[in-house]
Amino acid sequence: MDATLHDLGRLLLKAIPTVLLLLIVHLYLKRMFFAPMREVLEKRRQDTEGARKSAEALLAKASEKAAAIEASLRKAREEIYQEQEEARRRWIGEQNVRIEEARRSSRDLIHQAKQQLDTEAVAAKRDLTATTAALADQIAQSLLEGKAA
């Protein structure tokens, strides 16, 4: 067993330079490769976070502008609808005035036509009355002349 421990001791003694070399390589790589790599990764993460935050801020500003634009569009649409409604009301009012004028004019024409018809009827009755009396005299005279003959 002593021989085994002695061999193991020699083996460990031979492994010391390898362990030291591995330790030196580890420290060298840690300082020369991993530390700068960590710094680069940290800087990239910070830049990414900064870009993400600025993108979020820009997105928030864009959302606010979009909301403001939508509000102004809604307001403009409402104004246009109100103007259209007012124009429609004016048009209907003008149309109603024209219709009322046409009705009044039609009533006046009908009234004038009735008066003219009444006047013509009275004149026709007068003419008929006058003609009737003359015709009655003529008929009576021709009947009397016919009996006398």
Next on the checklist: Test of understanding: what is the full-extension gain from His6 to Asp127, defined as 0.36 nm times their sequence separation minus their Cα-Cα distance?
Outcome noted: 26.7 nm
Next on the checklist: More than 16 angstrom separation, counting every C-alpha pair in the stretch 2-82; what % is that?
Outcome noted: 76 percent
Checklist entry - In angstroms, what radius of gyration and Dmax does the chain have, counting Cα atoms only? => result 61.1, 198
Item to check | Within the stretch 1-73: Cβ-based charge dipole about Cα centre, in debye rounded to nearest 20 (Lys, Arg +1; Asp, Glu -1) | outcome: 200 debye
Next on the checklist: Please compute the length gained on full extension between Thr119 and Lys43, using 0.36 nm multiplied by the number of residues separating them and subtracting their Cα-Cα distance.
Outcome noted: 16.2 nm
Checklist outcome for this item: Along the stretch 46-53, Karplus-curve 3J(HN,Hα) (6.51, -1.76, 1.60; θ = phi - 60°) to the nearest Hz, with x for Gly and Pro, reads 5, 4, 5, 4, x, 5, 5, 5
Checklist outcome for this item: Projecting the Cα atoms of Thr131, Val97, Ala62 onto the charge dipole of the chain, where Lys and Arg contribute +1 and Asp and Glu -1 at Cβ, the residue farthest towards the positive end is Ala62
Checklist outcome for this item: Distance in nm between Ser72 and Arg52 label points, each 7 Å along Cα→Cβ, equals 3.4 nm
Checklist outcome for this item: HN-Hα couplings for the stretch 116-126 via Karplus (6.51, -1.76, 1.60; θ = phi - 60°), in whole Hz with x for Gly/Pro, come out as 5, 4, 4, 4, 5, 5, 5, 5, 5, 5, 4
Next on the checklist: Let me confirm the definition first: pairs of Lys residues in the chain, 8 or more apart or on different chains, C-alpha distance under 23 Å. How many are there?
Outcome noted: 7
Item to check | Virtual spin-label span in nm between Lys14 and Ile139, 7 Å along Cα→Cβ | outcome: 17.0 nm
Checklist entry - Out of the stretch 62-147, which trypsin sites (Lys or Arg not before Pro) are coil in DSSP terms and have no more than 16 other C-beta atoms within 10 Å? => result none
Next on the checklist: So if I take the centroid of the Cα atoms in the stretch 115-134 and the same for the stretch 45-94, what is the distance between those two points in Å?
Outcome noted: 80 Å
Next on the checklist: Per residue of the stretch 79-88, what does 6.51 cos²θ - 1.76 cosθ + 1.60 with θ = phi - 60° give for ³J(HN,Hα)? Whole Hz please, x for Gly and Pro, Karplus curve as stated.
Outcome noted: 5, 4, 4, 5, 5, 5, 5, 5, 5, 5
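Read-outs: derived from the displayed coordinates by stated rules, not from any lab. These numbers were taken from a predicted model, which means no experiment stands behind them. All Cβ positions, glycine included, derive from the backbone under ideal geometry; neighbour counts span all protein chains shown.
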